[in-house]
1. So which residues in segment 146-157 are surrounded by 18 or more Cβ atoms within 10 Å (Cβ to Cβ) and among the polar types (S, T, N, Q), if there are any at all?
2. Under 8 Å by Cβ, and 6 or more places apart or on different chains, what pairs join a residue from segment 229-256 that is over 21 Å from R110 (Cβ atoms) and of a type in the set (G, A, S) with one that is modelled with pLDDT under 75 and surrounded by 13 or more Cβ atoms within 10 Å (Cβ to Cβ)?
3. When segment 13-23 is examined, which residues are found to be surrounded by 13 or more Cβ atoms within 10 Å (Cβ to Cβ) and either of a type outside the set (K, R) or in contact with a Cys (Cβ under 9 Å, 6 or more places away or on another chain) (or both)?
4. Kindly evaluate S209 against the criterion of being open to solvent by less than 70 Å² (accessible area, probe 1.4 Å), modelled with pLDDT of 85 or more, in a helix (DSSP H, G or I) and of a type in the set (G, A, S).
5. Keeping to segment 183-206, report how many residues are open to solvent by 60 Å² or more (accessible area, probe 1.4 Å) and among the hydroxyl-bearing types (S, T, Y).
6. How about segment 24-74: which of its residues are in contact with a Phe, Trp or Tyr (Cβ under 9 Å, 6 or more places away or on another chain), closer than 24 Å to L10 by Cβ and either assigned to a helix (DSSP H, G or I) or open to solvent by 70 Å² or more (accessible area, probe 1.4 Å) (or both)?
7. Quick one: is R171 more than 20 Å from N125 (Cβ to Cβ) and either among the charged types (D, E, K, R) or modelled with pLDDT of 85 or more (or both)?
8. Looking only at segment 158-182, which residues are crowded, with 17+ Cβ neighbours inside 10 Å and either in contact with a Cys (Cβ under 6 Å, 6 or more places away or on another chain) or more than 29 Å from L109 (Cβ to Cβ) (or both)?
Amino acid sequence: MQGDSLSLLLFLISISPNLKKINNLPGISLVHKNITNLAFMDDITLFGKNEIELKEIVHKSKELLFKIHLNLNESKSGISESEIDGFENINETNTYKYLGFLKNKKVDLRRNKENIIYKSSHRVNAISNTRLSFRNIITALNESYLSLINYSSSVLKWSSVELKEINMIIRKSLKKAKMIQKYSNIDRLYLKRDNGGCRLIDAEISHDSQIIIISKKIKSESSNRHELICEANEKFDIDFKSIYKMVTSKYNISENSENTTAEKMKMTHQEKLQNNTNKKIPNKIFLENLKLSYIDDRNANNWIKKTDT
């Protein structure tokens with residue numbers, strides 16, 4: 001059935017009841033519930049209060065998986081703060097990957113960030129050296145490297161300096177591929193195309209917007225869901241509360257503000273870019289000319305898009 005559109009559904013039908021059976025065993029207390037496993041498809045983490053309980057959970061998991069003709073791959077598994085035959089011991093130096101993140105006893109922030117920056121740089125260089133038009137290169141860049149930043153935004157505490165460094169890596173790659181000039185207007189690079197810019201998305205703005213979106217989504221679902229998730233995250237060394245506080249303080253936003261949205265944040269950023277661009281004479285003249293009554297600004301911007309200048 002591998003590759004069949006039904007294979008995903010069949011896997012879930014077979015694995016979900018067994019994960020619920022495993023949850024009936026003694027585990028750890030998490031947000032007032034007994035938890036023995038966290039699972040996303042075939043990436044599963046098992047929890048036990050002590051070595052005896054953990055061994056029982058592992059044994060039961062193997063037994064249930066065997067019944068549905070699945071095996072636990074011990075060569076790709078690890079164990080922390082205990083010892084079970086066949087499993088590599090996870091300590092401060094050894095790591096395992098769960099949902100794309102490297103972990104040992106905690107989330108390895110440094111190595112995960114290095115890994116994402118390396119992958120981002122590799123993707124940017126590959127895209128910049130294609131024969132795509134400049135507009136399509138910018139679109140491809142926005143969709144490729146931003147997915148890595150946004151996915152990690154609520155787990156890794158990215159500083160403003162680190163996100164600016166990612167922006168710099170992208171610009172260097174574009175300069176190396178001769179997509180932009182050495183002394184190009186950086187602000188105009190991030191402006192929307194309708195405003196005479198190139199529409200490259202700023203990594204910092206994308207990251208911060210994602211944090212606002214996640215927080216508002218969590219808060220809107222129920223009155224205590226936000227607190228419960230933060231409590232659970234702290235047990236796994238994921239401090240979402242401090243990440244959110246860092247973002248809100250950066251923009252002087254009240255943590256309890258209901259009026260702040262990611263779109264408003266993006267609009268404010270675009271206005272700032274527009275003001276900075278207008279301060280530079282050549283760009284100011286270009287943008288002012290687009291507003292002259294005898295110039296069709298829509299067709300002018302369409303021409304810019306077509307010629308990718």
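1. Of all residues in segment 146-157, those surrounded by 18 or more Cβ atoms within 10 Å (Cβ to Cβ) come to 146, 148-149, 152-156.
Once the filter is applied, which keeps residues that are surrounded by 18 or more Cβ atoms within 10 Å (Cβ to Cβ) and among the polar types (S, T, N, Q), segment 146-157 yields S152, S153, S154.
2. A232/L30; A232/V31; S254/T260
3. Once the filter is applied, which keeps residues that are surrounded by 13 or more Cβ atoms within 10 Å (Cβ to Cβ) and either of a type outside the set (K, R) or in contact with a Cys (Cβ under 9 Å, 6 or more places away or on another chain) (or both), segment 13-23 yields S14, I15, N18, L19, I22, N23.
4. Taking the combined requirement at face value, the residue satisfies it.
5. The total comes to 1.
6. F40, D42
7. On the way: more than 20 Å from N125 (Cβ to Cβ): no; either among the charged types (D, E, K, R) or modelled with pLDDT of 85 or more (or both): yes.
It is false that R171 is more than 20 Å from N125 (Cβ to Cβ) and either among the charged types (D, E, K, R) or modelled with pLDDT of 85 or more (or both).
8. Hits for segment 158-182 are M179, I180.
The values are calculated or read from the model by the stated rules, or taken from the named source; none is laboratory data. This structure is a prediction, so every number in the text was calculated from the model and none was measured. Methodologically, a virtual Cβ is constructed for each residue, glycine included, from the backbone with ideal geometry; neighbour enumeration extends over all protein chains shown. These accessible areas exclude ligands, DNA and RNA; they are computed on the full protein's heavy atoms, side chains included. Shrake-Rupley method; radii C 1.70, N 1.55, O 1.52, S 1.80 Å.
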